[in-house]
Amino acid sequence: MNTGAKIIAVVTGTRADYGLLYWTLKALQDSSYFELRLLVGGMHLVEHYGKTINEIIADGFSIAATFDYLDAEATQDTPLSIVHATAKATGLFGEYFDNNKPDLLLVLGDRFEALAAAQSALLLKIPIAHIHGGEISEGAIDDVIRHCLTKMSCLHFATTDAHRRRVIQMGEQPETVINVGAPGLESLYRENLMSLSALTEALTIDLSVPTLLLTYHPETLSNIAAEDQVDELIEALEQFPELQILATCANADAGGVTIAKRFKNYIEQRPGHNLWCQSLGRYRYLSALQYISAAVGNSSSGIIEVPSFYKPTVNIGRRQKGRMASQTVLHCAADTQSIIKTIKYALSVEFNRQLKNFENPYGQGDTSEKIVLYLKQWFDCRALSAPNSLISSASKLKFYDLPESS
């Protein structure tokens, strides 16, 4: 332990945010300037979601503390249950921050546990840095949470220039908002992913067979019941009996348990060799993207990571509406006929011939290096009290007004 190092607390509550944070966590852990305090909770601790804390440990990270705010039986499936989980998480994070006093909290994305951690840190006067601000996903409550996190934070790591401009538009000082690209792409450039034979052995299904990767989360701002959302998609999938399906569990959102049970039952009863997984894990998930025919559902991964493999994504419904996307992403309504039509086009020879021509707008995979560099500059500038530095201690008190157009 480096007693002179700046202590950075990082929160992870899901398999998704851990996968995105992986290389940033490695960079912080390897830095002599920082001391990483990894705070693990939520879905990572629950068997229903694959108990992915074991993956974090296997990856060699030291866990500073765990936070048990979800029902171990995974029965949290209503908006009120998420309210209770958020309240419990807020208290647990608050107690940890008050006792341990990290120098900065780093959060990613837009989930309720990130909000819980951030509001605790804010009230305890702990600075906050946020990754993935300025993005839009109109069909989920996450959209509002993401913007709340932006306003709580003093340093912002955006994933595109457009997202950077949007954070500035929200009143954040331009010098505090940096485009670092999407952290989830870094593994694609830095790791040797699994071969087809190794992945087939690990999953016990053959991905040389045409396969759809299915991940569907609740539209938490929709008035349509979760089971009705699922049934439209299941009815559409029935029209493709020749396709194998590899399905992963929904997030711990209101309606997520209902969706997970519905898909699990469907996959297990579907003729052919299909697989439903609580969690593929970061490495197997990214490896599988090399071999699938298309990603289907409404996960942000279909927008951000899948396009780097030049694979089509069928993005269903409003959950990701407004999010910047490559032309490899095909959007459709959450009704059976629209889903059928879009899957057919995604798999067509005509569309697949174009995929190599489409670029991913989310960067080139050097995100962690940029994040650690800017964090170090932030601390150095604070130590010098430079008035026009990357971030001065008072900059969070100022609202940046956009210049008037001529």
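Bear in mind that the values in this text are calculations on the coordinates, not laboratory data. From a predicted model like this one, the values you see are computed outputs, not experimental measurements. So basically every Cβ, Gly included, is an ideal-geometry build from the backbone, and we count neighbours across all protein chains shown.
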For the chain, size of Cβ-based charge dipole, Lys and Arg +1, Asp and Glu -1, in debye: 760 debye
Two-site FRET efficiency, Ser348 against Ser195, from Cβ-Cβ distance with R₀ of 35 Å, rounded to 0.05: 0.80
Gain upon complete extension [Leu123, Glu242; 0.36 nm per residue less C-alpha separation]: 37.4 nm
Relative contact order (percent, whole number), the chain, Cα cutoff 8 Å, 6+ residue spacing: 17 percent
Global geometry of the stretch 35-98, whether rounded, prolate or oblate, following the gyration tensor of its Cα atoms and the 1.5 cut on a/c: oblate
Residue with peak Gaussian network fluctuation, the chain [Cα springs, cutoff 10 Å], from Ile131, Ile303, Ile63: Ile63
Spin-label model distance (nm) - Phe358 vs Ser208, 7 Å beyond Cα toward Cβ: 2.7 nm
Extreme residue, positive dipole direction of the stretch 189-357, given options Leu289, Asn251, Ala202 (C-beta unit charges): Leu289
Length gained when the stretch Arg165-Asp228 is fully extended (0.36 nm per residue, less Cα-Cα span): 19.0 nm
Residue among Glu350, Glu47, Glu172 with the largest mean-square fluctuation in a Gaussian network model of the chain, springs linking Cα atoms under 10 Å: Glu350
Radius of gyration and Dmax over the Cα atoms of the chain, both given in Å: 20.9, 66
Exposure proxy order (Cβ contacts within 10 Å, fewest to most) of Glu135, Glu404, Glu235: Glu404, Glu235, Glu135
Listed peptides 374-380, 311-317 by packing density, highest first (mean Cβ within 10 Å): 311-317, 374-380
Charge dipole of the chain about the Cα centre (unit charges at C-beta), most positive-ward option of Thr176, Leu108, Ala140: Thr176
Net charge of Cβ neighbours under 15 Å - reference Asn352; Lys, Arg +1; Asp, Glu -1: +3
Nearest-0.05 FRET efficiency for Lys398 and Lys51, computed from C-beta distance (R0 45 Å): 0.55
Other-chain or far-sequence residues with amide H under 5 Å of Asn315's (modelled H): Leu330, His331, Cys332
Relative contact order, percent, the stretch 189-357 [alpha-carbon distance under 8 Å, six or more residues apart]: 23 percent
Gained length - His84 relative to Asp68, 0.36 nm times residue gap less alpha-carbon distance: 4.5 nm
Angle in degrees between helix 226-237 and the longest Cα principal axis of the chain, rounded to the nearest 10: 50 degrees
The chain: angle of helix 336-346 to the longest principal axis, Cα-based, in degrees nearest 10: 80 degrees
Nearest-20 debye value, the stretch 189-357 charge dipole, Cβ charges on Lys, Arg, Asp, Glu: 540 debye
Scattering curve values for the stretch 189-357, log₁₀ I(q)/I(0), Debye with Cα scatterers, q = 0.10, 0.13, 0.17, 0.18 Å⁻¹: -0.33, -0.58, -1.05, -1.19
Protection proxy ranking of 271-282, 325-336, 199-210 - average other beta-carbon atoms within 10 Å, highest first: 325-336, 271-282, 199-210
Among Ser301, Gly363, Trp378 the positive-end extreme of the charge dipole of the stretch 241-382 (Cβ point charges): Ser301
Relative exposure of Leu104, Leu384, Leu70, judged by other C-beta atoms within 10 Å (fewest first): Leu384, Leu104, Leu70
